[in-house]
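The values are calculated or read from the model by the stated rules, or taken from the named source; none is laboratory data. Only a predicted model underlies this, so the values are computations on that prediction, with no experimental measurement involved. Heads up, the Cβs are rebuilt from the backbone with ideal geometry, glycines too, and the neighbour counts pull from every protein chain shown. When the accessible area is computed, the model is the full protein with side chains, heavy atoms only, and any ligands, DNA or RNA have been set aside. Shrake-Rupley method; radii C 1.70, N 1.55, O 1.52, S 1.80 Å.
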Amino acid sequence: RRLDFEQLRDAQLAVTGELESRIGGSPSGLLEPSNQRRSVYGLVDRQFLPGVLRTFDFANPDLHVAVRHETTVPQQGLFFLNGPFAANRARMLARAVSGLSPEDRIRHLHRRLFQRAARPDEIAAGLQFVAEAERAPDRAVRPEVGPPEPRLEPWEQYAHVLLLTNEFAFAD
């Protein structure tokens, strides 16, 4: 079963240790960078529903909807691939394992994200990914307007890839 947007957002905050456990209180925007509360406490403005919620099949808040429709469109993947939310979670994950050896970093990330040990082939692939990312020139796309987003470092890129896997986004 694929996690919906709110579940995936909460899961990414949970694996980084950022998810607030406080119960109750005023709602705040789900996409605000400072909001680390569970998605159930997210503000839903019925007149100005953010486009990203529509992208992830958020039900019309003005109607009774018994079942959420589920679609798979490129914009869903692109939100987490190119947006700052998942990139910031990747930075937090990379920072959490920064003092470990490369192999232990991979083991720790797999245990944290997938609740299982990394297989030897996954460790080898992870080490190869990071080595190639370290050799790659800075090819980050810079926005035409506004300040450029900082490029993810190699271990942040690896954590970002793991956050975007189907294994993380689906519950068995």
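Computed values, structure above
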{"item": "Where 23, 106, 123 fall by accessible area, highest first, once all protein chains stay in place (1.4 Å)", "result": "23, 123, 106"}
{"item": "Segment residue 68-residue 164, length gained on full extension (0.36 nm per residue, minus Cα span)", "result": "32.3 nm"}
{"item": "Region 16-172, relative contact order in percent, only Cα pairs under 8 angstrom and at least six apart counted", "result": "18 percent"}
{"item": "Residue 158 - accessible surface, heavy atoms, 1.4 Å probe, Å² rounded to 10", "result": "10 Å²"}
{"item": "Extension gain (nm, one decimal) between residue 2 and residue 81, 0.36 nm per residue minus Cα-Cα", "result": "26.7 nm"}
{"item": "Förster radius 35 Å - calculated FRET efficiency between residue 54 and residue 21 (Cβ-Cβ, nearest 0.05)", "result": "0.75"}
{"item": "Largest to smallest accessible area among 172, 45 [probe 1.4 Å]", "result": "172, 45"}
{"item": "Å² of accessible area per residue within the chain, as computed with a 1.4 Å probe and no ligands counted", "result": "62 Å²"}
{"item": "Evaluated at q = 0.17, 0.25, 0.27 Å⁻¹: base-10 log I(q)/I(0), Debye formula over Cα of region 29-88", "result": "-0.67, -1.28, -1.34"}
{"item": "Folded to 0 to 90 degrees: helix 5-15 orientation relative to the chain principal axis, Cα", "result": "40 degrees"}
{"item": "Degrees between helix 84-96 axis and first principal axis of the chain (Cα, 0 to 90, nearest 10)", "result": "40 degrees"}
{"item": "Accessible carbon and sulfur surface of region 36-76 relative to its total accessible area, %, 1.4 Å", "result": "55 percent"}
{"item": "Gain on full stretching of the segment that runs from residue 104 to residue 117 - 0.36 nm per residue minus C-alpha separation", "result": "3.6 nm"}
{"item": "Cα-based helix-to-principal-axis angle, 102-114 vs the chain, degrees rounded to 10", "result": "20 degrees"}
